[in-house]
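Notes to accompany the following structure.
Bear in mind these aren't lab numbers, they're just calculated from the coordinates by the rules spelled out. Fair warning: this is a prediction, and the values are worked out from it, not measured in the lab. No Cβ is skipped: glycine too gets one built from the backbone with ideal geometry, and neighbour counts run over all protein chains shown.
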Amino acid sequence: MIEIQRNRIDVGSVVDSVRRDDAGAIVVFLGTVRSDPDVRALDYEVYKPMALRMLTELVERAREKFGVLELSIVHRAGRVPVGGDSVVIACAAAHRSEAFAACAWVMDEVKRIVPIWKTESGPAKRRARRP
Amino acid sequence: MQIEVRLFATYREIVGEGQLAWTLRDGTTVGQLLEAVLTKYPRLLGHRSSMLLVVNHEVVRSDAVLREGDEVALLPPVSGGDR
């Protein structure tokens, strides 16, 4: 499952999408919007066709690099309030070490190369870009 | 020929639009298009060194030749963030 969506992410369905009988571990990562002074939400801007292509490539690379069995990535676009999930990654592997390693690697790569930009939104801090 | 230029985040805010239609002579490269965009929107000049050039959703070098109907995107650095 690879998706970019404006509505809330159903974490359970992302986890279910990677379940397999030959998996001994599923690692799930939730990226959540952290509260900072004057920040009520983050606005995510996504170049969607390119982002979907890059996420698909990342899944393939993670399969080759770590031997993971299934990997799902769902990212939000638009406004996500403080406490909301902005990204959910679920990774299934035969053993937990590959699942942990792949999940961490994929999240780092999403942050590093996928065309998604975020802006802080709040009463006093209307347009500050968050690094 | 007609091509489309997409702008995101800081660049979209600077230009005031996320999508521009641009008419070019055949054989124009992405680099030449970028020069034209920078001439029209000089406030983008300071971002030139960190700008990623993309054609039809793939990163390209500035000497890539454009074709009718191409979608060019000028991408600011992505969000990154602390680990």
(message) Taking the Cα of B:Arg25, stepping 7 Å toward and past its beta carbon, and measuring to each backbone N in region B:1-16: which are under 18 Å?
(response) B:1-3
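With a cap of 15 neighbouring Cβ atoms within 10 Å, and only residues DSSP puts in a loop, list the GluC sites (Glu not before Pro) found in chain B.
Values: sites: B:Glu4, B:Glu13, B:Glu17, B:Glu35, B:Glu58, B:Glu68, B:Glu71; in loops: B:Glu17, B:Glu68.
The qualifying sites are B:Glu17, B:Glu68.
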(message) I'd like the trypsin sites (Lys or Arg not before Pro) in region A:27-131 restricted to DSSP loop residues with at most 16 other Cβ atoms within 10 Å, sorted by number.
(response) A:Arg34, A:Arg40, A:Lys125, A:Arg126, A:Arg127
(message) What is the angle, in °, between the Cα long axis of helix B:30-40 and the longest principal axis of the Cα atoms in chain B? Nearest 10 is fine, range 0 to 90.
(response) 70
(request) May I ask for the angle, rounded to the nearest 10°, between helix A:48-66 and the longest principal axis of chain A, with both axes built from Cα atoms and the value confined to 0 to 90°? (result) 40
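Just tell me how shielded A:44-57 is by partners: mean number of partner chain Cβ atoms within 10 Å of each residue's Cβ, no decimals.
Values: counts 1, 6, 1, 9, 1, 5, 10, 2, 1, 2, 3, 0, 0, 0.
Across A:44-57, the average partner-chain Cβ count within 10 Å equals 3.
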(request) Obtain the nm distance between the two label points defined at A:Arg8 and A:Val28 by a simple spin-label model: each point lies 7 Å from its Cα along the Cα-to-C-beta direction. (result) 1.4
(message) Checking the a/c ratio against 1.5 first, then a/b against b/c, what shape does the Cα gyration tensor give for the protein assembly as shown?
(response) oblate
